[in-house]
Structures are given as structure tokens and as C-alpha cells.
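Every read-out reported here was derived from the displayed coordinates using simple, explicitly stated rules and does not represent laboratory data. Values in this document were obtained by computation on a predicted structure and should not be read as measured data. Because the Cβ atoms are built from the backbone with ideal geometry, glycine has one as well, and the counts that use them run over all protein chains shown.
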Amino acid sequence: MTDTNGATPGRHGHDAGLDLTWAVAAPALLVFLWSTGFVAAKWGLPHAEPFTFVTIRFALAALLLAVIAVIVRAPWPTTWTEIGHTAVVGVLLHGIYLTGVFYSISRGAPAWITSLLTAVHPPLTALLAGPYLNERVTGRQWLGLALGVTGVFLVVWRGGSLLAAPPESLVACAIGLLALSGGALYQKRHATTTDLRTGLAIQLTAACLLTAPLAFAFETRVIDWNPAFVGALAWLTVVLSTVMFGLLFVLIRRGAAAKVASLFFLVPPVVALEAYALFGEQVSLQQAAGMAMAMAGVALVTRQRA
């Protein structure tokens, strides 16, 4: 039985339900997975130096994705231009951003400072998306970005101790922040047609080629292979470097860069909740208010016009 337009009754409702599930579940999963990276880094870094840690992570994840791509016969890029664009995304998003975060934490920056600086990613991306991608950011979205920034500060601020972090760790965070925003915008403009499985394999290989020389030049490469390090490495490699970044790129392809970037406002609040659950750290009234403001900011940025 069909309606007057020839469509099967209930079909549009089914598709709308799937779209709604995707719109809610995918961003929520991305925020959760991204937040766990700070916890995994905290567990793993005492047992390996940062360049060594990320090099092993990139190499294992690249190998895993290459094997998967071969098994499922995923298409590989056919031109050097496409390979080059994909490699640039890998160097920025994996090689520089993640290495900057790991180096910052290893040099003594608390995870909340790292998450604070990373959360500057949304307004920076929105600012750059206009001239680079010709994306229009509305006044309502700028208001949402402002609320998000304010909420993040309320969540992670600890009595004005931001500048107490070692200067080199702040520099590493700042470089990582620029690479994160730049990589997201570059991927949106130049690398949206490459298969996600083969694309990630190439990205991680490029990142590994960047960090491996740093590990050999500046570190001892001594690793304490204890359960904490192995568990952190497995989570970062199998789940975050593959599933999480694949989900990030899917969301970037389906939506505007500024809207996707606004999800990062929710990472510090989720980190605060995880710290409470895992380490018994209390969530203050100030932090709860910050979480509410961050979520309101994301809602303003991502809400579609009626």
C-alpha cells in the first residue's frame, strides 16, 4: 500500500527516526570517546615517554586499519594528490595535535589545563571556517560559542592556577590546538572523498613518520610494559585512533566544521564527571553550572533553523 505520492507509509517516519538517533548518538559517542583520551594518557604516560608512546600508538593503529582495509577490500587513493591531502590531515590531527597533548601532560600540565586549551578549538575553527570554507556563522552560533567557552572555564578553572603550568607544556597545547583546528578544516576542504579506513591508515602512517624520529632523537624509548600501560595503549590504539577519529570524520563530512567543533565544549565537563567516577574528585556547584552553560552553547551552535 502506498500514499498519494507513491511512498510506503511509515517509511519517512522510519528514516526520520534513524536520522534522529544518529544526530543524538553519534555526537554523544564522540564526546565520550574523546574525553577518555585524557584519562588513558594519564594512566599510560608514567610508563613511556610521549614521543615513544604516540609512535607505538600510531604504528599499531595504522597496521590494524591497513589489515582491515585489505580484508574488506576498501578502496585506496589512486592519485598522489589525494594521498598527500590525506597525509597532511594525519600530520595535523594525529601527529601534531595528539603529540602536543601527550607532551604537555608529560611535562606536568594537569589534564584540565590541556582540556581547557583544546576547548578553544570551537571558536577558533568557527573564526577560520568563514574565509577558508565559506561557512557562515550566525549571531546565534557566536552566542553559543561564547556560552561554551564560558562554561568550559567554569568547569576547569582552579583558582587562577593556569599559568602555574610549565611554559613548554602550554606552548605544546597551543601548537596542538592550531593543528586540531587546521586539520579539521583541511580535512573538510580537501579530504572528504577518501575511504575512511584507508584514509585513516595513511593518516596514522604519516603521523608515525613524524613522531618516530623525535622519539629516537630526544628519548630513551624505554617502556614499562605493565597492565596500566598496555591497557591505555590498547584503548588509545584500537578504539580512539580508529573508531573515534573515523566518527569525527563522518561528522565533519555530514555537517559544517564549526558545528562539529562545538562538540568539543562538552569534553571538559565529561572529563570532570569521569574524574569523579574514577578518582573520587568532587564536582562543585561552579563546575555543574559550567557544564550546563557548555551544553546550552552546543545546542545554540548545532540547532537547525525551523
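Odds and ends about this structure:
- In order through region 44-49: 3J(HN,Hα) via Karplus (6.51 cos²θ - 1.76 cosθ + 1.60), integer Hz, x for Gly, Pro: x, 5, x, 10, 7, 6
- Sequence of Cys208, Cys173 once ranked by neighbouring C-beta atoms within 10 Å, starting from the fewest: Cys208, Cys173
- Ranking of Met291, Met244 by neighbouring Cβ atoms within 10 Å, starting from the fewest: Met244, Met291.
- The ranking of Val39, Val72, Val152 by Cβ neighbour count inside 10 Å, starting from the fewest, reads Val72, Val39, Val152.
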